[in-house]
Every structure is written in C-alpha cells, then in structure tokens.
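A.B. asks: This is the structure I have questions about; it appears just below.
The values are calculated or read from the model by the stated rules, or taken from the named source; none is laboratory data. The structure displayed is predicted, hence computed values, not measured ones. Glycine gets a Cβ as well: all are built from the backbone with ideal geometry, and neighbour counts include every protein chain shown.
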Amino acid sequence: MANQFTDRACIVLTTWPNRQKALKFAQQIVENQLAACVNLLPEICSVYAWEGKIEQAEEHQMLIKTCNHLVPEIVQQLAIHHPYSEPECISIDIADGAESYLNWIKDHCR
C-alpha cells in the first residue's frame with residue numbers, strides 16, 4: 001500500500017522513436033491504470049552520447065501523469081515494450097498544482 005510520500009503525483013518522461021508504438025504504449029498504461037493521462041508531444045530532436053559517439057535522433061516525447069508508487073511498474077513495462085535497450089525513464093515529482101487535478105491523477109491510477 002502506498003504511503004503519503006509514495007502516493008504523490010509525478011510525471012514520468014520517456015521518448016519513443018515511433019509515434020504509433022508510443023501511442024499504443026500510452027493507451028496500454030492508461031487502460032491498466034498505471035497512468036491517468038499521457039501526453040505525446042510532436043517530434044523532437046534528441047542529441048545524446050551513446051557508445052562513445054554523439055548521436056542525434058528524431059523522437060516523440062511522452063509525459064506520463066501518474067503516482068510515485070507506480071513508477072517501478074512503468075519502468076518494468078518500458079523494459080518489456082520499448083524498442084531501445086536503454087530507454088529514457090525519469091520521474092519528476094509534482095510539487096504543487098491544482099488540487100482537483102492532482103486528485104484526479106490519483107483517482108485514475110491504481
């Protein structure tokens with residue numbers, strides 16, 4: 001059971017190389033109540049270090065609104081479904097916001 005600290009709303013960031021696969025993953029995690037909402041942003045350009053080189057890729061940024069206690073399960077699902085061997089997956093706590101919206105996030109996550 002989640003305690004007060006782990007039940008805080010947060011945003012998980014990840015990127016996907018393919019919009020259709022990203023959309024499928026977004027639908028899956030919302031249907032399974034791992035997230036209340038997912039925003040899939042238009043194509044972005046990512047520049048990153050990988051295997052000793054500087055790489056550049058067109059990707060789709062995903063903003064996943066969820067609760068802290070569900071982040072480990074989202075990480076696990078990304079490991080299963082994401083095409084990258086090391087997908088971006090970082091969580092940012094939501095420090096403040098509209099109380100009704102933050103409660104909506106909690107109400108729509110398991």
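A.B. asks: Among residues belonging to the stretch 36-58 that are in a strand (DSSP E or B) and closer than 21 Å to Tyr101 by Cα, point out the one that is farthest from the chain's Cα centre (by Cα).
C.D. replies: For the stretch 36-58, the residue satisfying everything is Leu41.
A.B. asks: Quick check on my filter: what residues within the stretch 59-90 are in a strand (DSSP E or B) and either crowded, with 17+ Cβ neighbours inside 10 Å or of a type in the set (D, E, K, R) (or both)?
C.D. replies: Glu59, His60, Gln61, Met62, Ile64, Lys65, Thr66, Cys67
A.B. asks: State which residue pairs qualify: first residue more than 14 Å from Ala35 (Cβ to Cβ) and inside the stretch 6-18, second residue in a strand (DSSP E or B) and of a type in the set (Gly, Ala, Ser) in any location, beta carbons under 8 Å apart, and separation of 6 or more residues or different chains.
C.D. replies: Every condition considered, the pairs that remain are Thr15/Ser46; Pro17/Ala57.
A.B. asks: For the stretch 94-110, which positions are modelled with pLDDT of 95 or more, surrounded by fewer than 11 Cβ atoms within 10 Å (Cβ to Cβ) and within 18 Å of the chain's Cα centre (by Cα)?
C.D. replies: Asp107
A.B. asks: Anything in the stretch 45-82 that is without any contact (Cβ under 8 Å) to a residue 40 or more places away in the chain and of a type in the set (Ser, Thr, Tyr)? List them, or say none.
C.D. replies: Ser46, Tyr48
A.B. asks: Mind counting the residues in the stretch 69-96 that are over 22 Å from Lys24 (Cα atoms) and in contact with a strand residue (DSSP E or B) (Cβ under 7 Å, 6 or more places away or on another chain)? Outline the logic, then answer.
C.D. replies: As a first pass, look at the stretch 69-96 and keep what is over 22 Å from Lys24 (Cα atoms): 69, 92-96.
Filter again for in contact with a strand residue (DSSP E or B) (Cβ under 7 Å, 6 or more places away or on another chain), leaving 92-94.
Going through the stretch 69-96 one residue at a time, the tally reaches 3.
A.B. asks: With the requirement that a residue be surrounded by 20 or more Cβ atoms within 10 Å (Cβ to Cβ) and in a loop (DSSP other than H, G, I, E, B), what does the stretch 5-35 give you?
C.D. replies: Those that are surrounded by 20 or more Cβ atoms within 10 Å (Cβ to Cβ) and in a loop (DSSP other than H, G, I, E, B): Leu34, Ala35.
A.B. asks: Just need a number here: residues in the stretch 2-60 that are at pLDDT below 95 and closer than 15 Å to Glu73 by Cα.
C.D. replies: Residues meeting the conditions: 3.
A.B. asks: Being out of contact with any Asp or Glu (no Cβ under 6 Å at 6 or more places or on another chain), within 15 Å of Asn39 (Cα to Cα) and not basic (Lys, Arg) narrows it down to one of Leu78, Leu63, Leu70, Leu102, so name that one.
C.D. replies: Step by step, each of Leu78, Leu63, Leu70, Leu102 is checked, and only Leu63 is out of contact with any Asp or Glu (no Cβ under 6 Å at 6 or more places or on another chain), within 15 Å of Asn39 (Cα to Cα) and not basic (Lys, Arg).
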